[in-house]
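A short worksheet on the structure shown next.
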Amino acid sequence: MGLPCVFIRLSGCNLRCRYCDTAYAWSEGYDMPVSEIVREVLEFRCGLTLITGGEPLIQPNSTHLAQALIDLGLKTLVETNGSIDISNLPEKTIRIIDVKCPGSGEVDQFYWGNLGFLKPSDEVKFVISNRHDYEWTRNFVHQNLAVFSGQILLSAAFGKLDPKELVSWILEDNLNVRFQLQLHKVIWEPTKRKV
Ligand code: SF4
């Protein structure tokens, strides 16, 4: 968090989370060849890029895009909603896998096989809407991520849970996770795009 990064937002999503702040990505967008996307990314002269959505993995070419960026020496992250198999992504991709909590309305969509593909360079992320989500996440972390050595990220659903509350719960439980803020919403207006 805090590093300059070029976001590549792909269109379309197979989920409908209650707190979604990028619903415009469900349908907005236009076709671009991978070569054109890469060319535009390079114009930013930034060594870090994140492929997100929507849900990027519903587009088969997202793996080719990641490979093209990696081949050019860019540190490449892919953020996915956790419902789709991540194993086809190039080895050097850093995967950020959302695990949808009950408050999202999409808790049943998690693809459990993804837990078997996790690498230490990956990150597992939970967006927390309320105390029930927090307790559910705490159990998930204890039961399924006890041996995972990558980052575990917890953030408060914007406008649904006060970040102070989430931080106090994490500290009370001494939970070994990283708290995360949507930094762009703190710096700019929450709905501002292309920042
Ligand atoms: S997975 Fe992401 S883009 Fe899709 S509905 Fe949920 S929050 Fe929105």
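Pairs 100/164; 100/185; 92/125; 125/194; 92/164; 75/164: which are spaced more than 25 Å apart, C-alpha to C-alpha?
92/164; 75/164
Could you tell me how many degrees, from 0 to 90 and to the nearest 10, lie between the Cα long axis of helix 131-144 and the main elongation axis, the longest principal axis, of the Cα atoms of the chain?
On a 0 to 90 degree scale, this one is about 70.
Taking 7 Å along the Cα-to-C-beta vector as the label spot, tell me the residue 187-residue 146 distance in nanometres, rounded to one decimal.
My value for the distance between the label points is 4.0 nm.
Report, for the chain, the % of DSSP beta bridges that are antiparallel, rounded to 5.
0 percent
I need the shape label for region 125-195. Rule: rounded when a/c is under 1.5, else prolate if a/b > b/c, else oblate, with a, b, c from the alpha carbon gyration tensor. Working shown, then result.
Details: a/c = 2.38, a/b = 1.73, b/c = 1.38.
Since a/c reaches 1.5 and a/b is larger than b/c, the shape of region 125-195 is classed as prolate.
Can you tell me which aspartates and glutamates have their Cα less than 12 Å from the Cα of residue 119? Leave out same-chain residues fewer than eight positions away.
91
I'd like the FRET efficiency for residue 18 and residue 178, computed as 1/(1 + (r/R0)^6) with the beta carbon distance as r and R0 of 22 Å, rounded to 0.05.
It comes out at approximately 0.40.
Using the Kirkwood radius over Cα pairs, work out the Stokes-Einstein diffusion coefficient for the chain at 37 °C and 0.692 mPa s, in µm²/s as a whole number. Intermediate results must be reported in sequence, preceding the final value.
Numbers: Rh = 17.4 Å.
The diffusion coefficient I find is 189 µm²/s.
In a GNM of the chain with a 10 Å cut-off on Cα contacts, which of 138, 45, 95 has the highest mean-square fluctuation?
In the Gaussian network model the winner is 45.
Give a quick list of chymotrypsin sites (Phe, Trp or Tyr not before Pro) in region 1-89 that DSSP marks as loop, anything other than H, G, I, E or B, with at most 11 other Cβ atoms within 10 Å.
30
Read the figures in this text as sums done on the coordinates, not as results from a lab. Since we're looking at a predicted model, the values are computed, not measured. Note: ideal-geometry Cβ built from the backbone for every residue, glycine included; neighbour counts use all protein chains shown.
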